[in-house]
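**Q** Below is a structure I'd like to ask you about.
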Amino acid sequence: MIENIYIEHTISNNKIVKDIIKKIKAKNIIKCDSYREIFNLKKQNFILQKKNPSMILAQKKNNLVLKTPAKFNIGSKNNYYFSHMLNCLFDCEYCFLQGMYRSANYVIFTNYHSFKSEIKKISEFHKNEAVHFFSGYDCDSLALENITSFAKVFIPYFKKIKNAYLELRTKSTNIKNILAFEPSDNIILAWSLNPNEITKNYENKTPSLKKRLEVIKKLQKLGWQVGLRFDPLIYHDNFNRIYGDFFKSVFCELDSDRIHSITLGTLRLPKSFFSTLKNLGKANLFSKHKFEDKLYNYKKIDRDKMLSFCYKQILENVDKKKVFFN
């Protein structure tokens with residue numbers, strides 16, 4: 001239950017803003033000049049705020065669509081990401097957002113038209129090439145879909161742009177709005193997955209692996225492009241057994257021929273994010289990490305073993321052309 005909604009006064013008459021207010025029915029609606037007044041306050045406690053976050057409705061004015069890091073791709077050389085929201089409904093122990101932001105409050109950028117304009121401009125710049133746009137970097141793409149209608153707005157928009165592909169990355173099972181559309185080749189619905197042992201212990205408030213696989217299976221049967229994101233891989237006692245059983249259960253449930261793409265990556269963090277998590281007392285999962293290659297990551301010899309084992313398991317079920325390392 002959201003008790004407080006902050007709204008930038010310049011967008012108080014925005015239709016999306018009005019729709020969100022009707023859906024949430026918060027106790028308090030507070031006007032502000034800029035979302036940064038609330039979101040960027042000093043001495044905020046992320047962990048305490050996470051227990052009862054407020055929502056901030058705002059408009060994003062700069063850097064609406066950005067290039068992804070070099071390794072962040074699923075086969076296209078033109079890759080961009082954008083975020084209609086900051087922070088996440090879920091509370092994963094390893095989430096880098098805890099180290100990235102001071103605040104756990106949700107920020108929703110309601111100027112969807114501005115994102116659309118930038119996406120169109122970039123797509124036209126690459127008019128003779130495929131260009132991929134990723135959503136779900138600073139948030140979960142679908143977790144608050146019933147409130148934001150983000151997918152409901154952007155899926156039909158991307159269907160109109162022949163060379164543009166949209167990935168909606170999520171851990172959610174909130175697919176009601178998705179089911180209202182016919183499948184499209186340029187929409188990729190991508191789920192982050194981990195073994196039950198990881199999901200139960202470290203991915204707080206998220207749907208179970210079983211429930212995620214159920215919705216993936218349903219969407220596959222309907223003809224949607226579905227991606228699997230095994231990222232982050234998290235070291236655990238008996239890693240090979242746990243992840244071996246995990247991959248068997250995943251590929252037993254799903255149609256391997258209907259998997260669009262798979263990505264692999266180990267648990268990692270920038271140095272500044274790690275320091276913040278350590279100060280919050282939430283760095284336990286990083287006890288085996290070392291500072292290498294500008295990141296806190298598992299030692300190279302360990303992460304190579306993890307990635308190699310998982311890659312071999314995946315190749316028993318999926319063509320290697322569909323597998324990418326992030």
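Every number in this text was worked out from the coordinates using simple rules, so none of it is lab data. In this text, all values refer to a predicted model and were calculated from it rather than measured experimentally. Please note: Cβ atoms are built from the backbone with ideal geometry, for glycine as well, and neighbour counts cover all protein chains shown.
**Q** Between the DSSP loop rule and a limit of at most 13 other Cβ atoms within 10 Å, which GluC sites (Glu not before Pro) in region 2-44 are left?
**A** 3
**Q** Next up: Count neighbours as other Cβ atoms within 10 Å of each site's Cβ, and list the trypsin sites (Lys or Arg not before Pro) in region 231-326 that are DSSP loop with at most 10 such neighbours.
**A** The qualifying sites are 294.
**Q** Right, something else. Taking only C-alpha pairs under 8 Å that are 6+ residues apart, what is the relative contact order of the chain in percent?
**A** Reported relative contact order: 15 percent.
**Q** Does region 94-171 come out rounded, prolate or oblate by the C-alpha gyration tensor, with a ≥ b ≥ c the root eigenvalues, rounded set by a/c under 1.5 and, if not, prolate when a/b is larger than b/c and oblate if not?
**A** prolate
**Q** List the trypsin sites (Lys or Arg not before Pro) in region 1-100 that DSSP assigns to loop (not H, G, I, E or B) and whose Cβ has at most 11 other Cβ atoms within 10 Å. Which are they?
**A** Sparse-neighbourhood loop trypsin sites (Lys or Arg not before Pro): 25, 27, 42, 43, 61, 71, 77.
**Q** Give me the net charge for the shell around residue 156: Cβ to Cβ below 13 angstrom, other residues only, Lys and Arg +1, Asp and Glu -1.
**A** Result for the local shell: +3.
**Q** Can you sort 236, 113 from fewest to most other Cβ atoms within 10 Å of each residue's own Cβ?
**A** Fewest to most other Cβ atoms nearby, the residues stand as 113, 236.
**Q** In Å and from the alpha-carbon atoms only, list the Rg and Dmax of region 255-326.
**A** Rg then Dmax for region 255-326, in Å: 15.1, 45.
**Q** To continue, here is another question. Please rank 306, 85, fewest neighbouring Cβ atoms within 10 Å first, as an exposure proxy.
**A** 306, 85
**Q** Still on this model: In terms of Cα to Cα distance under 15 Å, which aspartates and glutamates are near enough to residue 221, apart from those fewer than 8 places away along the same chain?
**A** In chain and number order, the partners are 182, 185, 253, 255, 257.
**Q** When the Cα centres of region 110-170 and region 178-256 are compared, how far apart do they sit, in Å?
**A** 22 Å
**Q** Then there's this: What does the net charge come to around residue 298 if you take all other residues with beta carbon closer than 10 Å to its beta carbon, with K and R at +1 and D and E at -1?
**A** Neighbourhood net charge equals +4.
**Q** Another question about this same structure. Between 26, 147, 181, whose Cα lies farthest towards the positive end of the dipole of region 4-325 when Lys and Arg beta carbons carry +1 and Asp and Glu beta carbons carry -1, centred on the Cα centre?
**A** Result: 26.
**Q** Each label point is 7 Å from the Cα along the Cα-to-Cβ direction; what then is the distance between the points at residue 129 and residue 30, in nm?
**A** It is 4.6 nm.
**Q** Rounded, prolate or oblate: which fits region 6-139, taking a ≥ b ≥ c as square roots of the Cα gyration tensor eigenvalues, rounded meaning a/c under 1.5, else prolate when a/b beats b/c?
**A** Taking the square roots of the gyration eigenvalues as a ≥ b ≥ c, region 6-139 is oblate.
**Q** Same structure again: Taking every Cα atom in region 133-225, find the radius of gyration and the maximum pairwise distance Dmax, and write them in Å.
**A** Cα only, region 133-225: 13.2, 42 Å (Rg, Dmax).
**Q** Then there is this: For the chain, give me every cysteine whose Cβ has no other Cys Cβ within less than 4.7 Å, ordered by residue number.
**A** 32, 88, 139, 252, 310
**Q** What shape does region 140-289 take by its C-alpha gyration tensor, where a ≥ b ≥ c are the square roots of the eigenvalues and a/c under 1.5 counts as rounded, a/b above b/c as prolate, and the rest as oblate?
**A** Prolate shape, in that a/c is at least 1.5 and a/b is the bigger ratio.
**Q** Lys and Arg at +1, Asp and Glu at -1: add these up for the other residues within a Cβ distance under 12 Å of residue 65 and post the number.
**A** Once positives and negatives cancel, what remains is +4.
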